[in-house]
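I have placed the structure first, in the form of structure tokens, so that the comments after it can refer back to it.
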Amino acid sequence: LETNNEYSYEKLTQTAEYLKSLISFTPQIGIICGSGLGSLADSIQQKIEVPYPQIPNFPQSTVKGHSGCLVFGYIATVPLVCMKGRFHYYEGYPLEKCAMPVRVMKLLGIELLIVTNAAGGLNPNYKVGDVMLIKDHVNLMGFAGCNPLRGPNEERFGPRFPSMNGAYDPRLRAEAQKIAQGAGLAKGVHEGVYACLGGPCYETIAENRLLRQLGVDTVGMSTVHEVIVAKHCGLPVFAFSLVTNESVCDYESKVEPKHDEVIDAAKSMEAVLQKFVQGIIEFVAKN
Ligand code: 6GU
């Protein structure tokens, strides 16, 4: 049996206690910023930034140039914590390591997790720049036996066999349509199904065709394992994909995913998404 005490309840508690010693409030919301969407953290007031290398037991980011940090502070009077930079499976971390910050944020006291990602749009009705609220996921990596909850279960977080139904909070999704209009997403937002693949290569045409048949609307390399860990410990989730590129199912097409274009598309939507997330937070604060 492979046992892994690297992220035991005690270790995660240590990490949370260290972070609590730096702040004088209890964060109510946790936010995970997707690729190119780090500026979601810019609207945070009274910022306290804690670089990942400074946090005990935290994974270290492999991405060159920026190590990532937790940003504590307030948006619309709501105390929160934001992950600027997340951990991806393709970097070499096991899934439970990718998702471990979710448990740390749970121990810090958050009551809602907001997750964002940059994703390929498989649904032919989706255009670059569109937002899709995630209503459900296909845990494709789980089909192959990879799951962040694999291994001995920690009952203090949740049950051995957790249901995944309702992981993406339906009430917030319903409200988000209205909030999107107010934020400048005039056409509104889609609702659909997200799938995570391990990456780092993008999908082939044949894989895109398969995913489409499976009912997948956006595809990326994150989120699912974070949401599984959140649902396991009873955290409601609000999650959306920003469609940064078209995932084509046609061999004649010249469209090809490129990381630079993913980042550019995300950057060009940052201001609108910042407003959108702020609207969600304001709604949560009032309700
Ligand atoms: Cl097309 N695929 C995956 N797996 N992740 C992405 C993407 C595509 N576009 C942005 N992120």
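The values are calculated or read from the model by the stated rules, or taken from the named source; none is laboratory data. Since the model is a prediction, treat every value here as computed from it, not as a measurement. Every residue, glycine among them, receives a Cβ derived from its backbone with ideal geometry; neighbour counts consider all protein chains shown.
Assorted remarks:
- Residue in the range 167-183 that is surrounded by fewer than 16 Cβ atoms within 10 Å (Cβ to Cβ) and assigned to a loop (DSSP other than H, G, I, E, B) present: no
- Selection of the range 117-135 for residues being away from the ligand (no atom under 12 Å from the Cβ), out of contact with any Lys or Arg (no Cβ under 7 Å at 6 or more places or on another chain) and within 17 Å of Ala180 (Cα to Cα) yields Lys127, Gly129, Asp130, Val131, Met132, Ile134.
- Residue in the range 33-40 that is assigned to a strand (DSSP E or B) and out of contact with any Lys or Arg (no Cβ under 6 Å at 6 or more places or on another chain) present: no
- All of Ser8, Ser21, Ser43, Ser35 fail the test of being hydroxyl-bearing (Ser, Thr, Tyr), buried (at least 17 other Cβ atoms within 10 Å of the Cβ) and modelled with pLDDT of 90 or more, apart from Ser43.
- Filter result for Ala271 (outside any loop (DSSP other than H, G, I, E, B) and farther than 30 Å from Pro162 by Cα): yes
- Test: residue in the range 205-223 that is more than 16 Å from the ligand (Cβ to nearest atom) and either in contact with an Asp or Glu (Cβ under 7 Å, 6 or more places away or on another chain) or not small (Gly, Ala, Ser) (or both): yes
- The listed residues are Gly199, Gly188, and the only one of them that is surrounded by fewer than 20 Cβ atoms within 10 Å (Cβ to Cβ) and closer than 30 Å to Arg150 by Cα turns out to be Gly199.
- Only a single item in (1) of a type in the set (Gly, Ala, Ser); (2) farther than 19 Å from Gly188 by Cβ; (3) buried (at least 23 other Cβ atoms within 10 Å of the Cβ) is not met by Ala119, and it is number (2).
- The range 179-198 residues that are free of Cβ contacts under 8 Å to residues at least 40 places away in the same chain, paired with ones that are in a helix (DSSP H, G or I) (beta carbon under 8 Å, 6 or more apart): Gly188/Gln177; Gly188/Ala180; Gly188/Gln181
- Restricting attention to the range 67-116 and to residues that are within 16 Å of the ligand (Cβ to nearest atom) and β-branched (Val, Ile, Thr), the residue that is nearest to Asn57 (Cα to Cα) turns out to be Val115.
- Residue in the range 189-204 that is at pLDDT 95 or above, polar (S, T, N, Q), closer than 26 Å to Ala174 by Cβ and within 16 Å of the ligand (Cβ to nearest atom) present: no
- The single condition from (1) more than 16 Å from the ligand (Cβ to nearest atom); (2) in contact with a strand residue (DSSP E or B) (Cβ under 6 Å, 6 or more places away or on another chain) that Gly166 fails is (2).
Listed here are the residues, each with its yes/no results for (1) within 16 Å of the chain's Cα centre (by Cα); (2) over 30 Å from Gln14 (Cα atoms); (3) aromatic (Phe, Trp, Tyr).
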{"residue": "Leu80", "(1), (2), (3)": "yes, no, no"}
{"residue": "Tyr90", "(1), (2), (3)": "yes, no, yes"}
{"residue": "Ala118", "(1), (2), (3)": "yes, yes, no"}
{"residue": "Asn123", "(1), (2), (3)": "no, yes, no"}
{"residue": "Val128", "(1), (2), (3)": "no, yes, no"}
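- Matching option when the condition is part of a loop (DSSP other than H, G, I, E, B) and crowded, with 22+ Cβ neighbours inside 10 Å, among Ser222, Ser241, Ser253: Ser222
- Residue count, the range 213-255 (criterion: of a type in the set (D, E, K, R) and without any contact (Cβ under 8 Å) to a residue 40 or more places away in the chain): 2
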